[in-house]
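Down below is the structure, laid out as structure tokens.
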Amino acid sequence: MAPSRAISPATLLVVVAGGMIGVAARAALVLPLGAAAHPLVVPGVTLAINLVGSFCLGWVVGRLDGGRPRLRAFLGTGVLGGFTTYSAFAVQTVQVTGAAPVVGILLAIAALLGGVVVATAGLAAGRRAGGRPGQPDAPEEAE
């Protein structure tokens, strides 16, 4: 019989706790903007949050490698998963594209391409910090 891959209750709790921290941090940055003077302010902040979060997730994955799975779940899946937001990015990109198609397309490109670039840089930085420079993790390892 194959071993179970179900998440343990302790790991679930650390992910939930981390998610609360990440969501609160994002809300602290976005909610005060309210109805910002310019319609690109909130999408710009969301882009910055997602890029910073992508770099940090790369760093966490590179630094912790296969060790400390609960800390990696807390920081990566929990804190950074709650901090970053694909759904807000998607909705904001559609809204911006409706009003300014070129700006919306540039926003999408910046978010997607920028996310890959900064995640790669974060992964390399994390691996160096962990004393393991070299090849990045396989995609299934970088969750």
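The values are calculated or read from the model by the stated rules, or taken from the named source; none is laboratory data. What you see is a predicted model; the values in this text were computed from it and never measured. Virtual Cβ from ideal backbone geometry, glycine too; neighbours counted across all protein chains shown.
For this structure, a couple of remarks:
- When the residues of region 85-109 are filtered to those that are crowded, with 16+ Cβ neighbours inside 10 Å and under 20 Å from the mean Cα position of the chain (by Cα), the one that is nearest to residue 56 (Cα to Cα) is 85.
- Pair list, Cβ under 8 Å, 6 or more apart: region 111-132 residue under 19 Å from residue 87 (Cβ atoms), other residue buried (at least 16 other Cβ atoms within 10 Å of the Cβ) and aromatic (Phe, Trp, Tyr): 111/89; 119/55
- Tally, over region 110-131, of residues that are hydrophobic (A, V, I, L, M, F, W, C) and surrounded by fewer than 20 Cβ atoms within 10 Å (Cβ to Cβ): 9
- Matching option when the condition is more than 30 Å from residue 11 (Cβ to Cβ) and either touching a helix residue (DSSP H, G or I) at 6+ places or on another chain (Cβ under 8 Å) or hydroxyl-bearing (Ser, Thr, Tyr) (or both), among 108, 99, 121: 108
- Cβ-Cβ contacts under 6 Å between residues 6 or more apart (or on different chains), taken from a first residue in region 37-58 that is more than 18 Å from residue 116 (Cα to Cα) to a second residue that is polar (S, T, N, Q) and assigned to a helix (DSSP H, G or I), are listed as 43/92.
Results for (1) surrounded by 22 or more Cβ atoms within 10 Å (Cβ to Cβ); (2) modelled with pLDDT of 95 or more; (3) among the hydrophobic types (A, V, I, L, M, F, W, C); (4) within 14 Å of the chain's Cα centre (by Cα), shown as yes or no for each residue.
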site: 38; (1), (2), (3), (4): no, no, no, no
site: 42; (1), (2), (3), (4): no, no, yes, no
site: 48; (1), (2), (3), (4): no, yes, yes, yes
site: 54; (1), (2), (3), (4): yes, yes, no, yes
site: 65; (1), (2), (3), (4): no, no, no, no
site: 69; (1), (2), (3), (4): no, no, no, no
site: 74; (1), (2), (3), (4): yes, yes, yes, yes
